[in-house]
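The structure appears below as structure tokens.
The values are calculated or read from the model by the stated rules, or taken from the named source; none is laboratory data. Predicted model, so just to flag it, every value in this text is computed and none were measured. As a convention, Cβ positions derive from the backbone with ideal geometry for all residues, glycine included, and neighbour counts pool all protein chains shown.
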Amino acid sequence: MHHLGQSDIVAAVVNAGAMGFITARSFDTLDDFRADLRRCRMLTGGRAFGVNLTLSRRAGANAQVPGWIEVALAEGVRHFESAGDSPEALVEPIHRGGGLLMHKCPSVRHAQSAARLGVDAVALVGCEEGGHPGANPLSAFVNGAFALEQIRLPLVLGGGIGSGRQIAAALALGADGVVMGSRFLVAREVRSHEALKRRIVEVGPEGSTAILGSIGDTWRVLHNDAAREVQRLESQGARSHAEFGDLILSSRTRQRVYADGDVDGGIVSFGPGGAFADEIVPAAQIVARLMHDAARAAEAFARQQITAPESEVAP
């Protein structure tokens, strides 16, 4: 939730009983980042929350990462989530500071590599994930079923998850939890224009689309005019980030979409899980509904009598 994962929404999610991560890239300076960490600690009354460290593949784009880790640890943060490039450079400083690191991976192969590097947990995402799901074509639950046979670390699933039924399904599969982003974009605490939240409430399951796959940087986003223009440029042969100009810049999205409410004016990371949003409400209400629906689905599953044919029962 680049530019949106700030103290208001993170604290609201944490206070409702879930886990939230402040996105370090949402801040222009370390001082701004530090101030929001302190505000989140105040809003949560000392409850644990985390920090997201998204690693870019662009040259020079990760220069602030060591500073983010240092500031977060100094402010008492002990839970970190990383995504994007390899987490190799993060493990040692986070562990040295007494923290835990969960790395987001698009495939079992990447999850195995992250485990070898020493991460403490893995978030495995499918191709439905809003944002950058990688090039793996598998869905979250297919990806997860394979991973749970091979990964021994705590594992959560993400990608297209926006309902309590899916949470129950992930737990039944054997996952330790789920990771969700798009479903919370309509929360009142998210600092984005009301027009974007209304658009998300209106979209259906086909409201997201993929761009930039032609340059190996697949990005699942809200299906709006800006995304269609990127797809048009791709169809005409654009094959580098520079050829898309400011269309794909987060600064454009922050100003035009999040601040000004031009919902077609920039690229918004968004997955089909966001289509489960049907009203603009506080985050606590979203969490409560998710938990209620998950519990009902789990109860329904528990009532099922699952037995193997007698011929298949071991003596």
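Before moving on, here are some points about what is shown:
- Selection within the stretch 19-59 - in contact with a strand residue (DSSP E or B) (Cβ under 9 Å, 6 or more places away or on another chain) and over 24 Å from residue 268 (Cα atoms): 37, 40, 48, 49
- If only residues of the stretch 70-100 that are of a type in the set (A, V, I, L, M) and part of a strand (DSSP E or B) are counted, the one that is nearest to the chain's Cα centre (by Cα) is 83.
- Residue that is surrounded by the most Cβ atoms within 10 Å (Cβ to Cβ) [pool: residues in the stretch 236-250 that are touching a helix residue (DSSP H, G or I) at 6+ places or on another chain (Cβ under 7 Å) and closer than 14 Å to residue 58 by Cα]: 248
- Scanning the stretch 270-285 for residues that are under 17 Å from residue 194 (Cα atoms) and either not in a helix (DSSP H, G or I) or not small (Gly, Ala, Ser) (or both) returns 270, 277, 278, 279, 280, 281, 282.
- Single condition residue 174 does not satisfy, out of (1) under 19 Å from residue 295 (Cβ atoms); (2) within 17 Å of the chain's Cα centre (by Cα); (3) not hydrophobic (A, V, I, L, M, F, W, C): (2)
- Qualifying positions in the stretch 101-137 - under 16 Å from residue 179 (Cβ atoms), in a loop (DSSP other than H, G, I, E, B) and not small (Gly, Ala, Ser): 106, 119, 120, 127, 128, 129, 132, 133, 136
- Checked against (1) at pLDDT 95 or above; (2) surrounded by fewer than 20 Cβ atoms within 10 Å (Cβ to Cβ); (3) in a loop (DSSP other than H, G, I, E, B), residue 267 passes all but condition (2).
- Residues satisfying the stated conditions in the stretch 278-298, i.e. touching a Lys or Arg at 6+ places or on another chain (Cβ under 6 Å), among the small types (Gly, Ala, Ser) and under 18 Å from residue 190 (Cβ atoms): none
- For the stretch 13-35, taking the residues that are among the charged types (D, E, K, R) and outside any loop (DSSP other than H, G, I, E, B), the one that is surrounded by the most Cβ atoms within 10 Å (Cβ to Cβ) is identified as 25.
- Single condition residue 259 does not satisfy, out of (1) under 19 Å from the mean Cα position of the chain (by Cα); (2) more than 15 Å from residue 162 (Cα to Cα): (1)
- Every residue from the stretch 112-134 that is surrounded by fewer than 24 Cβ atoms within 10 Å (Cβ to Cβ) and more than 16 Å from the chain's Cα centre (by Cα): 112, 113, 115, 116, 117, 118, 120
- Matching residues, the stretch 270-286, being aliphatic (A, V, I, L, M) and surrounded by fewer than 22 Cβ atoms within 10 Å (Cβ to Cβ): 277, 280, 281, 284
- Sole exception among (1) assigned to a loop (DSSP other than H, G, I, E, B); (2) on the phi < 0 side of the Ramachandran plot for residue 220, by number: (1)
- Positions within the stretch 19-71 being β-branched (Val, Ile, Thr) and closer than 22 Å to residue 103 by Cβ, in sequence order: 22, 23, 51, 54, 65, 69, 71
- Residues located in the stretch 75-118, provided they are among the small types (Gly, Ala, Ser) and without any contact (Cβ under 8 Å) to a residue 40 or more places away in the chain: 76, 82, 86, 89, 97, 98, 99, 107, 113, 114, 115, 118
- Looking only at residues in the stretch 204-228 that are at pLDDT below 95 and of a type in the set (Val, Ile, Thr), the one that is surrounded by the fewest Cβ atoms within 10 Å (Cβ to Cβ) is 215.
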